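The values are calculated or read from the model by the stated rules, or taken from the named source; none is laboratory data. Here the structure is a predicted model, which is why all the values come from computation and not from measurement. Cβ placement follows ideal geometry from the backbone for every residue including glycine, while neighbour counts extend to all protein chains displayed. Heads up: the accessible areas ignore ligands, DNA and RNA and are worked out on the full protein's heavy atoms, side chains in. Shrake-Rupley method; radii C 1.70, N 1.55, O 1.52, S 1.80 Å.
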Amino acid sequence: MQSSNGRPRGAGGGPESAAEHHDGHDPALAETSEAVRYEDPWYDALASGWGELGGTGAPVPLPAARPGQAEREEAAAADVYLQVQRSAAFQEVRARYRRFVVPACVAFFGWYVGYVVTATTAPGLMARPVAGAVNVAMVAGLGQFLTTFLLTWAYSRHARLRRDRAALELRWDTQELTRGIRGGAS
């Protein structure tokens, strides 16, 4: 193979020779990706009509929809979602969410506004040295970052311990109910 200036490529040990012989497949990456296994129940599920075989080697044909059937299914699915929204389990998940988020947002917003107001109305206080060249404003500014990370950690912990399991159960129930409406193909 020759380059545009007439010199042969790949003969030398130059940088282009390594890239030229690379086929885009990294065996080390392929081995690690095969070893990774996701524990998501939806990960390996095929969408309806996408690759399922009926034992004959041919894809399973989708059932023919009758006129008006799609509208009835959509209305029934909407009723399922309304039923789930009105359920006590859904209301409990929402209440747990609100009981954490509303006070956390109020506290964090109050802390932020307090910092800004103090910085603008009391510059002498904010300029007071704490240790060496570090003053109150720097400590409070770093405290803003620290509280952001703490709030993120607290939110994810609260979600994991108090809401995720109930929300996943609601998701499964909703999927099962809508699958029943659509005759097993959702």
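Just a few scattered comments:
- Contact map, segment 161-182: residues that are hydroxyl-bearing (Ser, Thr, Tyr) paired with residues that are part of a helix (DSSP H, G or I) and open to solvent by less than 70 Å² (accessible area, probe 1.4 Å), Cβ distance under 7 Å, separation 6+ or inter-chain. Pairs shown: THR174/VAL80; THR174/VAL84; THR178/ALA77; THR178/VAL80.
- Screening VAL113, VAL106 for residues that are open to solvent by 60 Å² or more (accessible area, probe 1.4 Å), out of contact with any helix residue (DSSP H, G or I) (no Cβ under 7 Å at 6 or more places or on another chain) and at pLDDT 95 or above leaves exactly one candidate, VAL106.
- Residue within segment 149-165 that is hydroxyl-bearing (Ser, Thr, Tyr), surrounded by 12 or more Cβ atoms within 10 Å (Cβ to Cβ) and farther than 30 Å from ALA78 by Cα present: yes
- Pairs where the first residue, in segment 84-101, is within 11 Å of TYR155 (Cα to Cα) and the second is open to solvent by 50 Å² or more (accessible area, probe 1.4 Å) and outside any helix (DSSP H, G or I), C-beta under 7 Å, 6+ apart: none
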